[in-house]
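The structure appears below as structure tokens.
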Amino acid sequence: FNSRSIDRTRLHLQSAIAVDPPQVKRTTRKPARKPARLRIDGQWYDCGGWAAAHPGGARWVHWFDGRDATGVFYAFHSYGPNGSSLAADRLDKLPRCEAPAPDELKVAPRDEMNVN
């Protein structure tokens, strides 16, 4: 390297640093959460705000949006001798909601409902 090339490199770096970074528009609005209305034991629950905290993952909570989840709730959250009441305790704290409109109700395909 000679002093001339070093000066050019230094000038190039200085001009690159002097450029103002692009301005990013910041917003304080939270993204809208996906609804997750599940029916368990005949009661509809709004689980959308809690879905991200679900130990099995939010996708399961959102998949059951507009569906009756009674069977799967009891199948996965055992109350047998080694079971726990933790899921039922958490369910009790979730906000209740109205049933989705009839056109928003979802029914699992017949082969998905059979667990035999």
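The values are calculated or read from the model by the stated rules, or taken from the named source; none is laboratory data. It should be emphasised that the depicted structure is a prediction, and the values quoted were computed from it without experimental measurement. Surface accessibility is based on the protein's heavy atoms, side chains included, excluding ligands, DNA and RNA. Shrake-Rupley method; radii C 1.70, N 1.55, O 1.52, S 1.80 Å.
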Exercise. Using a 1.4 Å probe, how large is the accessible area of residue 74, given in Å² and rounded to the nearest 10?
Worked result: 100
Seminar exercise, completed: Rounded to the nearest 10 Å², the 1.4 Å probe accessible area of residue 90 is 100
Exercise. How much accessible area does residue 61 have with a 1.4 Å probe, in Å² rounded to the nearest 10?
Worked result: 10
Seminar exercise, completed: Amide H neighbours of residue 67 at under 5 Å, excluding residues fewer than 5 places away on the same chain, with H built from the backbone geometry, are 39, 106
